[in-house]
Structure formats: structure tokens, C-alpha cells
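Read through the structure below, which is laid out as C-alpha cells, and then see the notes.
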Amino acid sequence: MRTVLLTLAAVAALGLAGAGAVVTFGLYNVSAQAGHLPGVAWLLHTTFRNAVELRAPAMDKVPPLDDPDLIALGAGHYASACAFCHATPDGARSATARAMEPPPPPIDEAVAHWKPNELFWIVENGVKMTGMPGWPVKGREDEAWAVVAYLETVKADAAPPLPGADAGAAYCRSCHERIAGPVPRLDRLSPDYIEAQLENYRTGVRPSGIMSHAVSLAPPESFADLARELAGASLPDREVAVTGDAAAGRDLAGRGTRDVPACLACHGGEDRKGPLLHGQPEDFLATQIRLWRDGTYHHNRLMVAATRDLEDADISALAAYFASLRAPE
Ligand code: HEC
Ligand code: HEC
Ligand code: HEC
């Protein structure tokens with residue numbers, strides 16, 4: 001028995017010494033041009049597939065993905081954040097992307113063998129040691145689902161056209177003046193508020209993978225000009241048909257508690273402390289209120305206090321109420 005143990009220990013020590021030598025003397029060739037040794041690529045890909053299958057959320061956690069606004073938002077993000085590696089559905093990958101090891105597959109191949117819950121896991125987490133990035137912030141599953149909504153249209157061969165990915169105000173407009181649903185309108189906000197939010201996205205104080213990516217394409221010196229230009233747009237009121245209980249929302253918005261003023265005290269009148277919420281899309285409002293309530297956002301003490309005790313039904317009622325309001329003259 002003792003001899004067996006000693007032999008095993010010796011073999012283990014030799015193995016460790018061998019691995020140590022590979023690391024210390026640089027014996028393993030990390031060249032992307034050399035590719036992986038036979039078998040290694042298979043090993044890595046099988047590990048990847050099984051890891052995703054194990055960790056992806058259950059299929060019944062997949063939200064509805066057929067909302068055109070959600071798909072358009074995912075497409076807008078895809079165009080500037082993913083297409084330079086995976087190409088557009090009808091485009092070709094750059095020679096440099098193809099030279100990666102492993103190369104990012106063209107997007108129609110990349111989505112083909114994954115279910116939506118698995119695509120969600122990949123978009124949210126990325127894939128270690130491949131170049132496939134994870135979502136830039138934590139706690140924003142809602143945003144990763146928007147990208148999955150777009151990827152599902154690629155799978156079904158029904159993808160909408162992608163906007164151009166040039167930076168500047170036109171790029172911002174491609175989402176903010178074209179898409180409702182999860183995307184806020186900016187024309188009713190003050191330039192100061194817009195600029196402060198751009199800074200919050202840049203520093204991560206307000207976590208959003210979509211907006212932190214978008215602001216990283218614009219130099220901070222341009223924030224003031226962008227804010228003035230986008231706040232100054234005059235867009236028509238949208239026809240809104242809300243789904244939540246707007247009447248219940250009106251009561252809640254005017255109520256407040258002993259410790260916290262009513263929503264309307266800060267979001268209603270002339271000298272309000274917070275941004276105007278009137279006519280913002282219902283989905284956007286519901287998501288934002290939920291992010292405050294759940295503690296994903298905590299950059300404003302008053303908003304944390306005002307939302308702490310809201311039930312899900314209160315949130316959808318409040319979102320419906322503010323979405324149905326016209327902007328004050
Ligand atoms: C820097 C390049 C790069 C960027 C940017 C990138 N990816 Fe990837 N992606 C990769 C690589 C490399 C892989 C891994 C390929 C492998 O393991 O075979 C991958 C894998 C994937 C896969 C799984 C495909 C498979 O079966 O291997 C999907 C789906 C995917 N990416 C979607 C996206 C989406 C959506 C975005 C944007 C949010 C994105 N990628 C951004 C490089 C990139
Ligand atoms: C791919 C679509 C997309 C693009 C492009 C985009 N945005 Fe956004 N923007 C969003 C979404 C979605 C949100 C909501 C994010 C959140 O949850 O905080 C948002 C939020 C904002 C907000 C916060 C508004 C509020 O009511 O608090 C500002 C300000 C903003 N964006 C400005 C810009 C500017 C400036 C650009 C161009 C540099 C830009 N956006 C580009 C989708 C986009
Ligand atoms: C004491 C003032 C105050 C009260 C009360 C208040 N808010 Fe706010 N709210 C703010 C401020 C200030 C912000 C901007 C915070 C920031 O991002 O800097 C804000 C942000 C928001 C946003 C994000 C808007 C956007 O465009 O991004 C929503 C939605 C919101 N509040 C809803 C509500 C609701 C619903 C209530 C009532 C339950 C409420 N607020 C109560 C001050 C208040």
C-alpha cells in the first residue's frame with residue numbers, strides 16, 4: 001500500500017513539474033495563427049456547450065420576444081456592439097475577425113444551434129478565453145433579452161435592417177427618435193439632466209449595457225452639445241394605448257407617505273426636482289421604477305425611498321399613468 005501511494009505521489013510530482021516547465025519556459029505555443037492542437041478545439045467547444053446548457057435559465061423564464069420595439073432596440077445595439085465581430089446577417093466578417101482563434105462565427109451560424117434561453121446566457125456572460133465579451137454591466141437582464149429578441153429574428157430569417165453605426169447625434173436618434181417600448185424620448189428632458197445621465201452611464205453609476213456602450217462611442221467633450229441637440233428636438237406626441245391601470249396609477253402618484261413626497265411633487269409641476277415623465281413609453285417607465293425598487297439603481301436617495309415599498313402592480317399602474325400624460329404646455 002505504501003509503495004502504491006509513494007508511486008502515485010511521484011507521478012503527480014512529475015506531472016506538476018512538467019506543467020510548470022510548460023508555463024515557465026513558454027513551451028505552449030499561444031499563437032492564434034497556429035490554432036489549437038488536434039482535440040483541444042473539440043474539448044473546448046464541448047465544454048462550452050455543456051456549460052451553457054447547465055447554466056441557461058429555464059425555457060419558461062424566457063419573456064415574450066416578439067415586440068417590434070424590443071427587436072429594434074436589440075438590432076440597434078447589435079449594429080455597433082456585435083457586428084464588427086459577427087458581421088451583419090447579410091454581410092461578411094472582416095479578415096481580422098476571421099483571424100481570431102476561435103473565429104467569431106457569422107451571426108446566422110452563431111445563433112443556429114442555440115435556444116433563446118441559451119442565447120441569453122451567452123449574451124449575458126460571454127465566453128472566457130475566446131474574445132466573446134460578457135454584458136458590460138450586471139443586473140440588466142432586460143437589456144440582454146432585447147439582443148436575444150433580435151437574434152431570434154436572425155434565426156427565423158426575418159431580421160429587420162440595421163441602422164448605421166456612425167457616432168454622433170444621428171446615431172443617438174436611430175434609437176431615441178425611432179423606437180418606443182424600452183427606449184425613452186429625450187425631447188422633453190432638460191439638457192442638464194441629459195448631460196448628467198450621460199456622465200452616469202459613462203462612469204457606471206447608472207448601469208446600462210446598451211447606454212454605456214453608446215456613450216463610450218461619443219467623446220465626453222461632446223456630451224453638452226449632444227444633450228442640447230437631442231433635448232431641442234420637437235417630436236409629435238405619440239398615440240399611447242397603455243396596458244396598466246392608469247387610474248390607480250394617478251392615485252398612487254399623488255399620494256406620497258409620511259416620509260416621502262408624492263411622485264408628482266418631484267415629477268409633475270414647474271419647479272420639479274426630477275425629470276418629466278409625461279408621455280415616456282410605459283415599458284421604459286416600468287423597467288426604470290423596478291430597477292430603483294430592486295436596488296439595481298441607487299444613485300438617488302429620494303428615488304430609493306420613494307420606490308422601496310412598491311408592489312409589481314403599483315409599478316405597472318404608475319408606468320401606465322405617466323405614459324398616458326401629455327407634456328404640460
Ligand atoms: C470581439 C469579438 C466579439 C464580439 C464584439 C462579440 N462576439 Fe460573440 N463570439 C465571439 C467569439 C470569438 C465567439 C466564440 C466562438 C467559439 O467558441 O467557437 C463568440 C460566440 C458567440 C455566440 C455563440 C456562437 C457559437 O455557437 O459559438 C453567440 C450567439 C454570440 N457570440 C453573439 C454575440 C452577440 C449578440 C454579441 C454582441 C452583444 C457578440 N457576440 C459580440 C466574438 C465576439
Ligand atoms: C441602441 C439604442 C440606443 C442608442 C444608439 C442610444 N441610446 Fe440612449 N438609451 C437607450 C435605452 C434603451 C435607454 C434606457 C437605458 C436605461 O435603462 O437606463 C437609453 C437612455 C438614455 C438616456 C437617459 C434618459 C432618461 O430619461 O433618463 C439618455 C440621456 C440617452 N439615452 C442619451 C443617448 C445619447 C446622447 C446617445 C448617442 C450618443 C444615445 N442615447 C444612443 C437606447 C439607445
Ligand atoms: C423627492 C423627489 C422625488 C420623488 C418623491 C420621486 N422621484 Fe422619481 N426621480 C427623482 C429624481 C431627482 C430623479 C433623477 C435621478 C437621477 O437619475 O439622477 C428621478 C428619476 C425617476 C425615474 C427615471 C426617469 C428617467 O427618465 O430616467 C422614474 C421613472 C421615476 N423617477 C419615477 C418616480 C415615481 C413613480 C415616483 C413615485 C413612486 C417617484 N419617481 C418619486 C426625484 C423624485
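The values are calculated or read from the model by the stated rules, or taken from the named source; none is laboratory data. What you see is a predicted model; the values in this text were computed from it and never measured. Cβ sites come from the backbone with ideal geometry, for glycine too, and all protein chains shown count toward neighbours. Areas reflect the complete protein model, heavy atoms only, side chains present, ligands, DNA and RNA absent. Shrake-Rupley method; radii C 1.70, N 1.55, O 1.52, S 1.80 Å.
Details
- Look at (1) free of Cβ contacts under 8 Å to residues at least 60 places away in the same chain; (2) open to solvent by less than 60 Å² (accessible area, probe 1.4 Å) and you find that Arg290 fails only one, number (2).
Yes or no, residue by residue, for (1) over 25 Å from Asp157 (Cα atoms); (2) open to solvent by less than 50 Å² (accessible area, probe 1.4 Å):
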| residue | (1), (2) |
| --- | --- |
| Val4 | yes, no |
| Leu27 | yes, no |
| Pro64 | no, no |
| Leu70 | no, yes |
| Arg93 | no, no |
| Met100 | yes, no |
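- Selection from the range 305-324 of residues that are open to solvent by less than 40 Å² (accessible area, probe 1.4 Å) and more than 9 Å from ligand 3 (Cβ to nearest atom): Ala317, Ala320, Ala323
- Residue satisfying all of: in the range 133-150; part of a helix (DSSP H, G or I) and aromatic (Phe, Trp, Tyr); farthest from ligand 2 (Cβ to nearest atom) among these: Trp145
- Residue among Leu198, Leu186 that alone is in a loop (DSSP other than H, G, I, E, B) and either aliphatic (A, V, I, L, M) or modelled with pLDDT of 95 or more (or both): Leu186
- Test for Thr46: is it open to solvent by less than 100 Å² (accessible area, probe 1.4 Å), more than 19 Å from Glu124 (Cβ to Cβ) and of a type in the set (Val, Ile, Thr): yes
For every residue, the table says whether it meets (1) modelled with pLDDT of 95 or more; (2) in a helix (DSSP H, G or I); (3) more than 9 Å from ligand 1 (Cβ to nearest atom); (4) assigned by TED's automatic domain parsing to the domain that holds Met211.
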site: His45; (1), (2), (3), (4): no, yes, no, no
site: Leu73; (1), (2), (3), (4): yes, yes, yes, no
site: Gly91; (1), (2), (3), (4): no, no, yes, no
site: Pro102; (1), (2), (3), (4): no, no, no, no
site: Pro105; (1), (2), (3), (4): yes, no, no, no
site: Trp114; (1), (2), (3), (4): yes, no, no, no
site: Leu119; (1), (2), (3), (4): yes, yes, no, no
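- Scanning the range 186-202 for residues that are among the aromatic types (Phe, Trp, Tyr) and over 11 Å from Pro275 (Cα atoms) turns up just one, Tyr201.
- Considering Thr153, Thr130, the condition of being assigned to a loop (DSSP other than H, G, I, E, B) and either open to solvent by less than 20 Å² (accessible area, probe 1.4 Å) or of a type in the set (Val, Ile, Thr) (or both) is satisfied by Thr130 alone.
- Exclusive hit being more than 30 Å from His299 (Cβ to Cβ) and away from ligand 2 (no atom under 16 Å from the Cβ), set Ala159, Ala87: Ala87
- Applying the set (1) more than 11 Å from ligand 1 (Cβ to nearest atom); (2) of a type in the set (S, T, N, Q); (3) open to solvent by less than 50 Å² (accessible area, probe 1.4 Å) to Ser80 leaves exactly one unmet item: (1).
- Taking the range 234-264 as the range and being within 20 Å of Pro184 (Cα to Cα) and either assigned to a helix (DSSP H, G or I) or free of Cβ contacts under 8 Å to residues at least 60 places away in the same chain (or both) as the test, the residues that pass are Ser234, Leu235, Pro236, Arg238, Glu239, Ala241, Ala246, Gly249, Ala253, Cys263, Leu264.
- Any hit, the range 251-259, residues being more than 12 Å from ligand 3 (Cβ to nearest atom) and open to solvent by 30 Å² or more (accessible area, probe 1.4 Å): yes
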